[in-house]
Amino acid sequence: MTAQEFLNFRDYLFPASGFQSLQFRLLETKLGLKLEKRVNQDFINKLKEEDKKKVEKALSEPSLFDYVERWLRNMPFIEFRGYRFASHYKEAVEKMHNLDSCALNRMLEGEEREAAMKDLASTMEIYESVWDKDVHNKQKELGARRLGFRATNACLMMMLYEDQPMLQLPARLLRVLVDVDDCLNQWRHRHTQMVHRMIGQKIGTGGSLGHRYLKETVDRHRIFSDISNMSTLLLPKRFLPELPTTLRDQMKYFHSIEPYDRTLFELGGGGDNVELDWTFC
């Protein structure tokens with residue numbers, strides 16, 4: 001169908017819109033897209049009263065993102081009998097940063113070196129958010145992060161040590177969440193391209209700004225971007241700190257551990273006084 005052929009019956013579609021539909025809004029909301037993160041926050045007032053109540057109910061309930069964050073927050077391994085993941089990670093990052101700085105100083109000169117060192121410093125600030133809660137909270141205020149400090153640490157540890165038996169399935173789940181986000185975003189992107197091809201810059205049938213609005217949602221309506229952005233914080237294996245033997249033993253499969261320390265799950269890691277959050281459970 002050509003764009004001209006589509007225009008012959010487009011008027012009959014008003015005010016229908018697949019992108020603006022109740023079902024799509026509920027899907028986004030239940031996955032974890034908050035109202036304040038939406039490009040068009042006024043969409044809810046354009047719904048029928050019955051549909052409006054359904055969306056408001058979904059907004060008031062815990063989303064998949066909320067459940068995932070609480071699950072990550074309760075992970076016991078980031079503190080375990082004196083072991084602190086953030087502290088060991090910091091040592092590894094500082095070692096890698098020093099080597100990178102030396103390499104840049106040796107290989108580059110003048111303005112090129114200055115620009116590279118500036119980029120390296122910016123990346124270091126992202127790393128610092130793993131062990132410095134104030135830096136992390138600053139990034140949350142700027143909208144660069146959504147997960148809490150402890151949940152971010154747990155997510156990163158799962159990805160760095162996913163070869164440990166007890167972390168394999170959690171790390172796989174995190175990748176699936178990113179896949180869901182990517183698939184939804186690919187649909188948005190393809191829908192945006194189709195709209196531009198068919199109606200150009202015209203207003204959408206659902207009352208939106210058409211192509212311009214759709215294009216903006218591709219960038220802003222991601223839900224699990226915290227998880228997909230973890231790749232920035234990953235370290236090469238040669239810099240990855242080795243886990244303590246006692247912790248590795250707790251990460252084995254249940255049947256291979258004798259005796260098994262149940263306090264790992266009761267107190268956040270073999271007796272560490274960590275307050276677990278069982279909200280929504």
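The values are calculated or read from the model by the stated rules, or taken from the named source; none is laboratory data. Everything numeric here is computed off the predicted structure, so don't read it as measured data. A quick note on method: Cβ atoms are made from the backbone with ideal geometry, for glycine too, and the neighbour counts reach across all protein chains shown.
Quick notes on this one:
- Applying the criterion of at least 1 residues that are in contact (Cβ under 8 Å) with a residue 24 or more places away in the chain, of a type in the set (A, V, I, L, M, F, W, C) and within 25 Å of residue 153 (Cα to Cα) to the helices (runs of 4 or more DSSP H) found wholly in the range 1-117 leaves 22-31, 64-73, 85-107.
- Against the list (1) within 27 Å of residue 220 (Cβ to Cβ); (2) more than 15 Å from the chain's Cα centre (by Cα); (3) assigned to a loop (DSSP other than H, G, I, E, B), the condition residue 131 fails is (1).
- Residues located in the range 134-156, provided they are in a helix (DSSP H, G or I) and in contact with a His (Cβ under 8 Å, 6 or more places away or on another chain): 149, 152
- Top-ranked residue in the range 197-242 [being part of a helix (DSSP H, G or I) and of a type in the set (Val, Ile, Thr); ranked as modelled with the highest pLDDT]: 227
- Of all positions in the range 59-78, at least one carries a residue that is under 20 Å from the mean Cα position of the chain (by Cα), within 30 Å of residue 246 (Cα to Cα) and among the hydroxyl-bearing types (Ser, Thr, Tyr).
- Taking the range 39-67 as the range and being among the polar types (S, T, N, Q) and either touching a strand residue (DSSP E or B) at 6+ places or on another chain (Cβ under 6 Å) or surrounded by fewer than 17 Cβ atoms within 10 Å (Cβ to Cβ) (or both) as the test, the residues that pass are 40, 41, 45, 60.
- Residue match in the range 254-270 (condition: part of a loop (DSSP other than H, G, I, E, B), farther than 20 Å from residue 159 by Cβ and either among the β-branched types (Val, Ile, Thr) or at pLDDT 75 or above (or both)): yes
- Positions within the range 68-83 being aromatic (Phe, Trp, Tyr) and either under 21 Å from residue 23 (Cβ atoms) or surrounded by 18 or more Cβ atoms within 10 Å (Cβ to Cβ) (or both), in sequence order: 77, 80, 83
- Comparison of 26, 120, 33, 22 shows that the only residue that is within 20 Å of the chain's Cα centre (by Cα) and farther than 30 Å from residue 167 by Cα is 26.
- Scanning the range 2-34 for residues that are exposed (fewer than 14 other Cβ atoms within 10 Å of the Cβ), modelled with pLDDT under 85 and closer than 18 Å to residue 185 by Cβ yields a single hit, 18.
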